[in-house]
Amino acid sequence: MPCRIEPATPAPSSAATPLPAALDWVAEALDHLAAHGLERPMRIRDGRQGATVELDGRHLINVGSNDYLGYAGDVRLTKAASKAACAEGFGAGASPLVSGHSRAHERLERAIANLLDVPDAITFPSGFAANSATIAALVGPGDAIFSDERNHASIIDGCRLSRAQVRVYPHRDVATLDAVLAAEGTVHRRRLIVTDTLFSMDGTLAPLADLCTVARRHDAMLMVDEAHATGVFGARGSGLVEEAGCADGVHVRTGTLSKALGAAGGFVAGHADLIRWLRHSARAWIFSTAHPPAIAAAAARAIELVTQEPRRRVELREKASVFRDRLTAAGLDLGGAEAQIVPVVAGAAESAVALSVRLAEAGFFVPAIRPPSVPHGRSLVRASLSWLHPQSDLDQLADAIVACLR
């Protein structure tokens, strides 16, 4: 029998309620966002994530989700979560160090370590928490961080929390990174290089082999975030570190369970002593209630499916290649995108919003991405492709993008 979801009761409007005097600045700040095309609507989704989606009552082809392998709505994850919830309850009840670490969490961490072929792993309530807590646990005052300029906000915030000196190097510019590290010398206690492997706004890939060489030359730690690559790249589906064949040169690997794996949460994987250290120093893990065991069970099931169904990542990457080629052949500059994330730069925030609206009128949900997610002047629409999309839908989307821009 299908699940029945009752419609939500509308929340009472607060538009007529005046702001307290101390919050007068909020209205002005919101007006500023609206005037510059930066105010974002809160859409209501009905039903599951899939190749199509119902947003605010409109049925659209869904190119706005990070559900790259189509597992977010897969009933096999639902059954795994339901079984675990029946066995262990839903809420974890406490932080992992107190009593929140369940058998489901233990199985998930072993599954992650096995997938990545490393000794151990630790799970967090979110990928954001995994990055921000891990960076702050690895370095601090007296240390230095070298961060790619297009790294995710969770990495940026982790750098700030650490109170280490932060050096931002140009996107994927290994030569500049090498020169900066050489100029810094050994004045810092520790040095950490940190990068996304697949950049979420650009669809570009980090030069991992070269980064490993630079880290080795300067005796620096190398931390990589595989959030958008886990499940999609590598013979086993563990990510771009596996694909590049440079696991020996990467010291810390983080990722999420919420994208290609279709569940929720984040992880860090690596040497057993590194994970042991994080269990004593990563504040977002120590002081957060563990995420529900049911979610851990769903993520573990997704990892099983990633290993059992390699055709999904192979077919997804083939579809993405054809889609990028169609746009490039039409004269669009994709900025070096090489993956299932395909950005189309529109420039001003208002232009990106207008392009997204026109694509919605053509039947496609392709979200507009604006500052602070991207730099000013580089607003874009981002097509996040899924294995669920038939090639015919992607061909129609490519035609629609070209038609809208012309």
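The values are calculated or read from the model by the stated rules, or taken from the named source; none is laboratory data. On a predicted model such as this, the values are computed, not experimentally measured, just so you know. Using ideal geometry, Cβ is built from the backbone for each residue, glycine included, and neighbour counts are taken over all protein chains shown.
Annotations for the structure displayed:
- Scanning segment 81-104 for residues that are surrounded by 15 or more Cβ atoms within 10 Å (Cβ to Cβ) and out of contact with any His (no Cβ under 8 Å at 6 or more places or on another chain) yields ALA81, LYS83, ALA84, ALA85, GLU88, GLY93, SER95, GLY100, HIS101, SER102, ALA104.
- Pick from segment 334-344, criterion surrounded by fewer than 22 Cβ atoms within 10 Å (Cβ to Cβ) and touching a helix residue (DSSP H, G or I) at 6+ places or on another chain (Cβ under 9 Å), ranking: nearest to HIS389 (Cα to Cα): GLU338
- Test result for ILE112, in contact with a helix residue (DSSP H, G or I) (Cβ under 6 Å, 6 or more places away or on another chain), buried (at least 24 other Cβ atoms within 10 Å of the Cβ) and either of a type in the set (Lys, Arg) or in the same structural domain as ILE295 (by TED's automatic domain parsing) (or both): no
- Residue check, ALA352 in a strand (DSSP E or B), in the same structural domain as GLY50 (by TED's automatic domain parsing) and crowded, with 22+ Cβ neighbours inside 10 Å: no
- Residue selected from segment 48-90 under the condition of a type in the set (Val, Ile, Thr) and in contact with a helix residue (DSSP H, G or I) (Cβ under 8 Å, 6 or more places away or on another chain), by the criterion farthest from SER356 (Cα to Cα): THR78
- Test: residue in segment 385-402 that is under 29 Å from GLU149 (Cβ atoms) and of a type in the set (D, E, K, R): no
- Residue check, GLU39 of a type outside the set (Lys, Arg), farther than 30 Å from ARG276 by Cβ, surrounded by 12 or more Cβ atoms within 10 Å (Cβ to Cβ) and at pLDDT below 85: yes
- In this entry, ARG167 is excluded by the filter for residues that are surrounded by fewer than 17 Cβ atoms within 10 Å (Cβ to Cβ) and assigned by TED's automatic domain parsing to the domain that holds ALA247.
- Here ALA383 meets the list (1) surrounded by fewer than 15 Cβ atoms within 10 Å (Cβ to Cβ); (2) in a strand (DSSP E or B) almost entirely, failing just condition (1).
- Out of VAL306, VAL342, one residue alone is in a helix (DSSP H, G or I) and either outside the structural domain of PHE90 (by TED's automatic domain parsing) or under 30 Å from ARG382 (Cα atoms) (or both). It is VAL306.
- Of all residues in segment 87-106 being of a type outside the set (A, V, I, L, M, F, W, C) and out of contact with any Ser or Thr (no Cβ under 7 Å at 6 or more places or on another chain), the one that is nearest to LEU278 (Cα to Cα): PRO96
- If the condition is being surrounded by 16 or more Cβ atoms within 10 Å (Cβ to Cβ), of a type in the set (Val, Ile, Thr) and assigned to a helix (DSSP H, G or I), then segment 176-195 contributes only VAL180.
- ALA284 meets the conditions (1) in a loop (DSSP other than H, G, I, E, B); (2) in contact with a Pro (Cβ under 8 Å, 6 or more places away or on another chain) in every case but one. The failed one is (1).
- Contact map, segment 23-44: first residue within 18 Å of ALA354 (Cα to Cα), second residue aliphatic (A, V, I, L, M), Cβ cut-off under 6 Å, separation 6 or more or different chains; pairs are GLY37/ALA349; GLY37/VAL353; LEU38/ALA349; GLU39/LEU33; ARG43/LEU55.
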